[in-house]
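Visitor: Sharing a structure here in structure tokens format.
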Amino acid sequence: MHLPNLKEAQKRTNKEVKHETIKPLKSPKFQGQKFFLRTYGCQMNVHDSENIKAIVSSLGFDETTTLEESDLVILNTCAIRENAHDKVFGYLGRIKHLKETKPNLIVAITGCMSQLESVTNLIKTKYPFVNIVIGTHNLHLLGNFILEAQKEQTIEVCSTEGDVYEGLEYNRDSKYSAWVNIMYGCDKFCTYCIVPYTRGKQRSRYMQDILEEVNNLVASGYLEITLLGQNVNAYGKDLAEGYDFADLLEKVAQTNIPRLRFVTSHPWDFTDKMLNVIAKYPNIMPYIHLPIQSGSSKILKLMGRRYTKEEYLELFNKIKKTIPNVCITTDIIVGFPNETEEDFQDTLDIVNTCQFDGAFTFIYSPREGTPASLIKDEIPLEVKEERLKKLNELVNFYSLKSNQKFLNKKVKVLITDVSEKDATKVCGYTEEFKLVNVEAPKSDIGKIIDVEITDAKSFSLDGKKTIFIKNS
Ligand code: SAH
Ligand code: SF4
Ligand code: F3S
């Protein structure tokens, strides 16, 4: 048994990162049995879940979306805010009942919550029916732990800086759009954030390994690739190879993947070189997610973000100028400890100045082990809730305004699914990452089509496929 240790997780030593190619496990042991997987959190977890699906499928499991039908339940968890935590423990209550009628049910917890001491302590004492707890650094071993699952609980969480594993397999959710990890972990240590502790040190994959994966995806007909990392523009800084994110982006663009995206960009590492590459290649999509977190330079300093409000604005304007049709979205936290009315006003001001195309907004949630969680906070929750409400009204106003710019315009949409809102329609994203529900046949799924926008709402667009009538 290896329990997590937050103090260890905080350390960054000069230990060399191991780049190891693993051989996926294959066994028919669970043929005919079913797994149920629930994913919380960010795109990293969504993509890790694609890896989990490949791991358990190679043990013989088939997927079910009905919990009661399953022989293996996996909760791939997120630790970013307290509510993510509460949802998982709520769900474990449901699983406990199921296990009473199905004693051979295997229950596994993976993801960022596994990396927290408080969580594993609680699971040990209050949730003994959980068979396996495995952390983010050794997820590739999940198959081994499932094969050996016993009545006693197995907790295997490493709090080391982490390594890089190649040869991972993925059962991808989409046949058209794929995630590709370019790096793991984060070294930024923003004072409110748990990610550097749950995901370990920043570890970049070698460029040739990433390009090999991308080339395979292109050859299998993928139309879109999103490069993934907590901090993609810091790519390569931890390697001694002499290349950076701009170099990688250019090489990936040259594979001729029709659409190339990347998340998340930290304003601090955003270089002109990178911006020039984005502007140069039409297959790099004109969309950038650039979290600001706060509009108050005082709060940004306390958050450890390493830029001021003015520096953010300068970068923002430079991006807008270099890529004229770009859409920029952001993340904003309200209610950081002792955020004053004036600080909050600074945040509203910057939203008014930048007029973001969209924003994810959050109330600050103290995370045990982070420096910000030690600050005595005098601001009552009701005040924070009121600020979030005000901020959301403003953010939604600008999202709508941004969407309205597309009214009656022709856009290119990669159609990926049947629309969730209306089963007679299909849906997909524009180049600027706007969701569109489209009147078009289902046979267009998997194609990039021309669409005319007929209606704009705050969170999506409506459109119809444009038909070109040839003049005879
Ligand atoms: N690496 C990305 C963010 C990953 S987490 C970046 O630095 O931009 C996604 C978002 O969750 C963050 O941008 C932040 O807005 C929010 N977040 C992180 N920790 C939080 C906390 N303790 N409370 C509330 N929101 C938080
Ligand atoms: Fe968290 Fe900051 Fe790293 Fe983003 S950059 S994952 S907010 S520590
Ligand atoms: Fe959550 Fe871990 Fe992602 S904490 S947001 S799943 S990196």
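The values are calculated or read from the model by the stated rules, or taken from the named source; none is laboratory data. These figures come from a predicted structure and were not determined experimentally. Cβ placement follows ideal geometry from the backbone for every residue including glycine, while neighbour counts extend to all protein chains displayed. Side chains are part of the model used for accessible areas, which takes the heavy atoms of the whole protein and leaves out ligands, DNA and RNA. Shrake-Rupley method; radii C 1.70, N 1.55, O 1.52, S 1.80 Å.
Visitor: List the DSSP H helices in the chain whose Cα atoms stretch 27 Å or more along the helix axis and whose mean Kyte-Doolittle hydropathy is at least -1.0.
Guide: Within the chain the helices that satisfy the rule are 82-101, 381-404.
Visitor: What is the ratio of the Cα radius of gyration of the stretch 384-436 to 2.2 N^0.38 Å, where N is its residue count, to two decimals?
Guide: 1.45
Visitor: Continuing with the same structure: Is the shape of the stretch 171-404 rounded, prolate or oblate, going by the alpha carbon gyration tensor and its root eigenvalues a ≥ b ≥ c, with a/c under 1.5 for rounded and a/b larger than b/c for prolate?
Guide: Because a/c hits 1.5 or more and a/b exceeds b/c, the stretch 171-404 counts as prolate.
Visitor: For the chain, what does the helix formula give at 222 nm: sum of -39500 (n - 2.57) over DSSP H segments with n ≥ 4, over the residue count, nearest 500 deg cm²/dmol?
Guide: About -10000 deg cm²/dmol.
Visitor: Exposed loop GluC sites (Glu not before Pro) only (DSSP loop, at most 10 other Cβ atoms within 10 Å): please give the longest stretch of the chain free of them, not including the sites.
Guide: Maximal segment without exposed cleavage sites: 153-377.
Visitor: The stretch 376-415: which trypsin sites (Lys or Arg not before Pro) are DSSP loop and have at most 11 other beta-carbon atoms within 10 angstrom?
Guide: 376
Visitor: Tell me which chymotrypsin sites (Phe, Trp or Tyr not before Pro) from the stretch 361-459 have a DSSP coil assignment and no more than 14 other beta carbons within 10 Å of their own.
Guide: Sparse-neighbourhood loop chymotrypsin sites (Phe, Trp or Tyr not before Pro): 459.
Visitor: Write down Rg/Rh for the chain, rounded to two decimals, with Rg from the C-alpha atoms and Rh from the Kirkwood relation over Cα pairs.
Guide: 0.96
Visitor: Using the 4.7 Å Cβ rule, please list in number order the cysteines from the chain without any candidate partner.
Guide: Within the chain, the cysteines lacking a partner Cβ under 4.7 Å are 42, 78, 112, 158, 186, 327, 354, 427.
Visitor: Also, I was wondering about something else. Could you work out what % of the accessible surface of the chain is carbon and sulfur, using a 1.4 angstrom probe and leaving DNA, RNA and ligands out of the count?
Guide: Whole-percent figure for carbon plus sulfur exposure: 52.
Visitor: Would you tally the net charge around residue 244, using a Cβ to Cβ cut-off of less than 13 Å, leaving residue 244 out, and scoring K and R as +1, D and E as -1?
Guide: Here the count lands on -3.
Visitor: Around residue 271, with a cut-off of 13 angstrom between Cβ atoms, what is the net charge of the other residues, counting Lys and Arg +1 and Asp and Glu -1?
Guide: -2
Visitor: According to the square roots a ≥ b ≥ c of the eigenvalues of the Cα gyration tensor, what is the shape class of the stretch 17-156, taking rounded for a/c under 1.5, prolate for a/b larger than b/c otherwise, and oblate for the remainder?
Guide: rounded
Visitor: Please give every one of the lysines within straight-line cross-link reach of residue 126, meaning a C-alpha to C-alpha distance under 18 Å, and leave out same-chain neighbours fewer than 8 residues apart.
Guide: Once the sequence-local lysines are set aside, what remains near residue 126 is 87, 96, 99, 151.
Visitor: Right, something else. Any idea what the relative contact order of the chain is, in percent, if you count C-alpha pairs under 8 Å spaced at least 6 apart?
Guide: 11 percent
Visitor: Would you work out if the stretch 169-229 is rounded, prolate or oblate? Take a ≥ b ≥ c from the square roots of the eigenvalues of the alpha-carbon gyration tensor; rounded if a/c is under 1.5, else prolate when a/b is larger than b/c, oblate otherwise.
Guide: prolate
Visitor: For the stretch 16-57, run through the trypsin sites (Lys or Arg not before Pro) and keep only the ones in DSSP coil with at most 14 other Cβ atoms within 10 Å of their Cβ.
Guide: Within the stretch 16-57, the qualifying trypsin sites (Lys or Arg not before Pro) (loop, at most 14 other Cβ atoms within 10 Å) are 18, 26, 29.
Visitor: Gap in Å between the Cα centre of the stretch 193-255 and the Cα centre of the stretch 1-65?
Guide: 19 Å
Visitor: Over what distance in Å are the Cα centres of the stretch 429-456 and the stretch 323-346 separated?
Guide: The stretch 429-456 and the stretch 323-346 have Cα centres separated by 30 Å.
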